[in-house]
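A short worksheet on the structure shown next.
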Amino acid sequence: MLNETKQRRIAALKTASSKKKQEAQEKTEKAIEKLIKSKNKLSFANIAHEAGVSIQYLYKYPEIKQRIQYLREQQNTECKIDSKITRSEKSSQAIIQLLKNRVKSLELERKNQAREIEVLTGQLYELHGIQRLADRLKAENADLKQKLKKYQNHEQSSSLLNAPHQKSENESKLQESNSNKIKSELDNLAIKINSTLAKLIIEVPFEVVMEAINALKEALINKKVRNPNGFLVSAIKNYWIPNQNYQQKIKDNAFDEWYELAMSKNIVHAAKKLGGVQYVLDCDDKWVLFENMLVEYPLEKLKAD
């Protein structure tokens, strides 16, 4: 069961990564086409602005980075060619040389396009493999659901013939604690529990529900979610999990909020990270662990003061 869950998570991560990469490529290509039509400069800054993404986002994908660099060089070359032709109308030899350079540029473009096709072909093959894996997992999941349903029907029939099974006190307390945790998380997210959501929460393990809630939290941080209830239902059904750096993002956001309040109250004057550990400079000009300062000055206390 753990191995199947792990495979589902791997498949989900790969699908999400591929989707993000495809979206980046589509945004970039549309931005490039628009800039070319308007005869604007093909720079990383212009393309990022037109596509509505950051420059770091474009550098994140090697294929996109290489394509922009190539197009930028090509545009610069074409501008130089046009300028040289204008200045060298009396020199046929110069024109011939420029045409040769153009041929070399086109040949380079052809080679780059061939490499891009090769990369895309590999990605397509990988996607086919992921799809086959997803189909197999879906079939296995359907089979497990059918077996679970038979088992539940059998248990229900047995309970009609025998005295009802009484849960131990520890089991009842654990179940109540898990329910309270889920309810508290959903209240914080302003999620109303409808019949569909309530049924899913009962049917799946507690850990699956919490992972799905964390996936929703991550989505709310990174983008606007139009239908949080629908997102959570899909996340539970499909065993979605947040990215590995999700917890670090939560910690960073918590530190940013605390640091801003502490600065405004002259409790700290600066901050730095050493080896992944967060330090702050207190009013005595001493570098102190952020965790130690958080004990002395909790966020709730700073908000209340």
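The values are calculated or read from the model by the stated rules, or taken from the named source; none is laboratory data. Only a predicted model underlies this, so the values are computations on that prediction, with no experimental measurement involved. Reconstructed Cβ throughout: ideal geometry from the backbone, glycine too, with neighbour counts over all protein chains shown.
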Got at least one residue in the stretch 161-178 being surrounded by 11 or more Cβ atoms within 10 Å (Cβ to Cβ), of a type in the set (A, V, I, L, M, F, W, C) and modelled with pLDDT of 85 or more? no
Odd one out for Ala235, checked against (1) more than 24 Å from Leu13 (Cα to Cα); (2) out of contact with any Pro (no Cβ under 9 Å at 6 or more places or on another chain): (1)
Filtering the stretch 26-62 down to residues that are aromatic (Phe, Trp, Tyr) and farther than 17 Å from Gln74 by Cβ, which residue is surrounded by the fewest Cβ atoms within 10 Å (Cβ to Cβ)? Tyr59
Any idea which of (1) within 30 Å of Ala51 (Cα to Cα); (2) modelled with pLDDT of 80 or more is the one Glu78 doesn't satisfy? (2)
It is to be established whether one or more residues within the stretch 20-36 are touching a residue at least 40 places away in the same chain (Cβ under 8 Å), among the basic types (Lys, Arg), in the same structural domain as Thr77 (by TED's automatic domain parsing) and in a helix (DSSP H, G or I). yes
Breaking point among (1) modelled with pLDDT of 80 or more; (2) not in a helix (DSSP H, G or I), for Glu73: (2)
Check every one of the strands (runs of 3 or more DSSP E) wholly within the stretch 249-305 and list those with 3 or more residues that are surrounded by fewer than 17 Cβ atoms within 10 Å (Cβ to Cβ). 268-274, 287-289
How many residues, within the stretch 1-19, are part of a helix (DSSP H, G or I) and more than 23 Å from Glu116 (Cβ to Cβ)? 12
